[in-house]
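Worksheet: the structure to be examined is printed underneath.
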Amino acid sequence: MRSDLGRGLLEDVVQISRFRVIALRQYVVSEGGMTVETLAREERQHSQYIEFWNNILVPKFIRWKHILVDGLTLHSEAIFPSLPVKEGDKVVDAGCGFGDTAIKLARLVGPSGSVLAVDCCDAFLEFGRKDAKAAGVTNITFLAEDVQTYPFEPVHDFCFSRFGTQFFENPVAGLRNMRKSLKPAGIMTMIVWRGIKDNPWLGSAKDVVLRYLPPPGENAQTCGPGPFSMADTGVVTKQLEIAGYTDIKFEQVDAQVFVGKDLDDAVGFQLAIGPAGEVYREAEKLADERHDEIAAALRAQLAKYKGPTGVMMDSSSWKVTASNSG
């Protein structure tokens with residue numbers, strides 16, 4: 001099979017989403033000055049989910065960074081002390097976002113270790129680069145790539161992801177590619193949300209908004225399967241087994257998270273990001289027309305969670321650990 005770009009079709013990866021089948025083809029390039037990696041990156045950037053993250057969600061996440069980083073840090077603090085990371089380890093942080101977890105990991109492995117921090121949104125990585133520099137942390141490489149398809153070398157002791165794998169367009173392919181970053185017997189740990197009912201910090205606001213607006217339609221724009229797509233332990237276990245992992249374990253982690261410095265902050269956050277934000281965004285004109293009603297209802301619902309440090313709500317996740325079978 002031949003292509004104008006060169007010889008030798010290396011692979012066709014068929015990814016099935018809710019909306020369409022995407023065929024990603026990587027070729028060996030014998031002329032024209034392009035490498036396989038360059039072409040693959042260009043192909044990957046056409047994913048509807050990556051485009052949605054960069055065009056729609058990045059500005060919102062930057063606006064609400066003080067909640068998404070500071071709030072989730074409270075959850076991470078319950079997890080980091082138990083991570084199987086030691087000084088000198090080589091680590092991948094998959095879907096590292098603003099880089100706060102990469103910096104924590106870099107401190108754990110010390111100067112003799114290293115962290116490869118990967119995210120599809122370079123705007124997030126810019127924050128990570130600046131924060132790492134300000135903190136004097138020099139053992140991190142920030143890489144703007146798609147974790148699902150990046151050609152990792154199998155040289156890492158540990159692969160970590162906090163709330164990133166839930167958005168994989170093809171979960172098995174993404175998890176398999178994370179495994180490929182590991183040495184034989186290397187460990188992967190990912191943090192994923194449990195169900196929406198277990199996470200009132202996101203679910204309760206959606207319930208309120210749905211009293212005023214219709215649910216998103218089948219053709220709604222989306223960032224991927226969604227924050228609760230890995231809540232079912234049976235499904236995730238099978239995904240991990242197919243991806244080649246062994247010694248799969250789940251540990252429930254409950255923690256309060258910060259969702260706003262005051263009620264106005266919390267309401268704005270809920271209408272911008274998460275399940276309630278999706279309903280609000282997709283309703284467009286109707287959402288604008290009913291904004292005051294919706295905001296007032298959300299404010300009343302969130303008032304019960306307001307305390308001296310801001311608006312704090314319950315959250316629950318799975319800490320999922322698995323080994324590379326080799």
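The values are calculated or read from the model by the stated rules, or taken from the named source; none is laboratory data. The structure displayed is predicted, hence computed values, not measured ones. Because the Cβ atoms are built from the backbone with ideal geometry, glycine has one as well, and the counts that use them run over all protein chains shown.
Among the residues of the stretch 61-103, write down those that are small (Gly, Ala, Ser) and out of contact with any Ser or Thr (no Cβ under 7 Å at 6 or more places or on another chain). Give the steps one after another, and end with the answer.
If we filter the stretch 61-103 for residues that are small (Gly, Ala, Ser), which is where we start, we get 71, 76, 78, 82, 88, 94-95, 97, 99, 102.
Answer for the stretch 61-103, where residues must be small (Gly, Ala, Ser) and out of contact with any Ser or Thr (no Cβ under 7 Å at 6 or more places or on another chain): Gly71, Ala78, Ser82, Gly97, Gly99, Ala102.
Out of Thr138, Thr101, which single residue is surrounded by 22 or more Cβ atoms within 10 Å (Cβ to Cβ), in the same structural domain as Phe269 (by TED's automatic domain parsing) and among the hydroxyl-bearing types (Ser, Thr, Tyr)? It would help to see each step written out before you state the result.
Numbers: Thr138 fails: surrounded by 22 or more Cβ atoms within 10 Å (Cβ to Cβ).
Among Thr138, Thr101, only Thr101 is surrounded by 22 or more Cβ atoms within 10 Å (Cβ to Cβ), in the same structural domain as Phe269 (by TED's automatic domain parsing) and among the hydroxyl-bearing types (Ser, Thr, Tyr).
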Residue within the stretch 105-119 that is touching a Gly at 6+ places or on another chain (Cβ under 6 Å), in a loop (DSSP other than H, G, I, E, B) and either closer than 25 Å to His66 by Cβ or assigned by TED's automatic domain parsing to the domain that holds Ala173 (or both) present: yes
Looking only at the stretch 222-258, which residues are under 12 Å from Val320 (Cβ atoms) and basic (Lys, Arg)? Lys249
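For the stretch 185-208, how many residues meet the condition of being acidic (Asp, Glu) and in contact with a strand residue (DSSP E or B) (Cβ under 7 Å, 6 or more places away or on another chain)?
First pass over the stretch 185-208, keeping only residues acidic (Asp, Glu): 198, 207.
From what is left, the residues that are in contact with a strand residue (DSSP E or B) (Cβ under 7 Å, 6 or more places away or on another chain) are 198.
So the answer is 1.
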May I ask you to list the residues in the stretch 51-70 that are at pLDDT 70 or above and touching a Cys at 6+ places or on another chain (Cβ under 9 Å)? Ile56, Leu57, Val58, Phe61
What is the one condition in (1) more than 20 Å from the chain's Cα centre (by Cα); (2) farther than 30 Å from Val92 by Cα; (3) not in a strand (DSSP E or B) that Met312 does not satisfy? (3)
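Is it fair to say Val320 is of a type outside the set (Lys, Arg), free of Cβ contacts under 8 Å to residues at least 60 places away in the same chain and in a strand (DSSP E or B)? Lay out the reasoning, then the answer.
Values: of a type outside the set (Lys, Arg): yes; free of Cβ contacts under 8 Å to residues at least 60 places away in the same chain: no; in a strand (DSSP E or B): yes.
Answer is no for this residue.
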Please verify whether the stretch 282-305 includes one or more residues that are closer than 21 Å to Gly226 by Cβ, under 25 Å from the mean Cα position of the chain (by Cα), modelled with pLDDT under 95 and in the same structural domain as Ile196 (by TED's automatic domain parsing). yes
